[in-house]
Amino acid sequence: MEHRPLPLDGVTVIAVEQYGAGPFGTMLLADLGAEVIKIENPAEGGDVGRLVGPFFFAPGDSHFHQAFNRNKRSVGLDLKHPEGMRLLRELLRHADAMLDNLRGDLPERLGLTYEALKEVNPRLVCAHLSAYGRDGSRRSWPGYDYLMQAEAGYLSLTGEPDGPPARFGVSVVDMMTGLMAAFALVSGLVGARATGRGMDLDVSLFDTALHNLTYLAAWYLNGGHVQGREPRGAHPSLTPSQLYRTRDGWIFIMCNKEKFWPVLAERLGRPEWAADPRFATFRARLENRAALTGLLDAAFSERTTAEWLEAIGGAVPAAPVLDVGQALDNPFVRERGGVAEFARAEGGPPVRMLTGPVRVDGRLPPTRAAPALGADTEAVLRRLGLDGDAIADLRRRGAVR
């Protein structure tokens, strides 16, 4: 097969970012071919994510950091140093876009908005990712994923009805907001190429978390319904669509179309259930969910989860309940190429990580491990016309690493 360029080949994104949400978004752009130049403050040891444990390959090289920064370049630049900020503006002169995940009040204060940069580069797209937005009463507030889950209602929806509120097991708001920022940035590039004019694009953790309420928000805003926690992770209006006990664990069944229920009943050896007036329709099954759960638990308990998946997989939507290790060791993950070895530019053992979720012409994304702090400083600054002596002087002055 001909290996055509990746969709974002030729696009340069300057990333003023750290920790999770921003790096996740730019990593997706890098997977699709963008040159993502990550700006890291050498005075602080680079991206704070480099220091997030508990697992490290080496000091300043955490597993956490590697998971959010594949396929990027690293430039060590102190933006508190006048020369550091001047160099950043020069990088932006030659870039297509900038993505920052600074606190909401900082882009304007630092001069990292389209209004402040349009004279440098009128086509520059500036994507800003903050906790609560760049305007409003909380623009200067710090904020993190779990706080958004709490305030946007997620914790009230997660867990068993008689248990305490519970957060998601992963930082879903961070990753959704990173994805939203990447989507906004690419949309901005389309607009800038059509008009010759860049723009500011804003996303926030709070707005993204709230937007993900979708149909639950519509239920409340139009009908006054406040959705709460359902037993066994059940869908609030469709059933069977929840966890059921098997002989050795659990299975999640999702008969989210009417056509699946008679198939499930037949595969369970209880074809009469499909016509039972208590279970014949979505509405009837919802009204009798407790009774149906007892019957399905009894039926599923006759075999192991693996045996049931062999019996119903592909005919009825179903999945085993796995822990993280089992999920990654899943043979289907190997079939999909979901884990790969990422080579380090500086040499040494590769890093085993998840591959990106987007395939281009059937190809998996590139597999370069996260760069060492400042690994690309000299190469990138030479593109600006600086020679070795000038770069060495900047290093002596503490502006770059």
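The values are calculated or read from the model by the stated rules, or taken from the named source; none is laboratory data. It should be emphasised that the depicted structure is a prediction, and the values quoted were computed from it without experimental measurement. Ideal geometry is used to build each Cβ from the backbone, glycine not excepted, and the neighbour counts take in all protein chains shown. For accessibility, only protein heavy atoms count, side chains too; no ligands or nucleic acids. Shrake-Rupley method; radii C 1.70, N 1.55, O 1.52, S 1.80 Å.
Some notes on this structure:
- Answer residue from segment 305-341, given it is part of a helix (DSSP H, G or I), hydrophobic (A, V, I, L, M, F, W, C) and within 19 Å of residue 253 (Cβ to Cβ) and is most open to solvent (accessible area, probe 1.4 Å) among those: 332
- Residue within segment 145-166 that is part of a strand (DSSP E or B), in contact (Cβ under 8 Å) with a residue 12 or more places away in the chain and crowded, with 20+ Cβ neighbours inside 10 Å present: no
- Whenever a residue of segment 57-85 is under 15 Å from residue 37 (Cβ atoms), its partners that are open to solvent by less than 20 Å² (accessible area, probe 1.4 Å) and of a type in the set (Lys, Arg), lying with C-beta atoms within less than 6 angstrom and at least six residues away or across chains, give the pairs 72/38; 74/38.
- The set of residues in segment 186-215 that are assigned to a helix (DSSP H, G or I), hydrophobic (A, V, I, L, M, F, W, C) and in contact with a helix residue (DSSP H, G or I) (Cβ under 7 Å, 6 or more places away or on another chain) comprises 205, 206, 209.
- Residues considered: 398, 348, 385. Of these, the only one that is touching a residue at least 40 places away in the same chain (Cβ under 8 Å), surrounded by fewer than 16 Cβ atoms within 10 Å (Cβ to Cβ), on the phi > 0 side of the Ramachandran plot and assigned to a loop (DSSP other than H, G, I, E, B) is 398.
- When each of 279, 342 is tested for being under 30 Å from residue 230 (Cα atoms) and touching a residue at least 12 places away in the same chain (Cβ under 8 Å), the lone residue that passes is 279.
- Pairs are defined by a Cβ separation below 7 Å, a sequence spacing of at least 6 or placement on different chains, a first member in segment 180-205 that is among the β-branched types (Val, Ile, Thr), and a second member that is modelled with pLDDT of 95 or more; the pairs so defined are 203/129; 203/177; 203/180; 203/181; 203/184.
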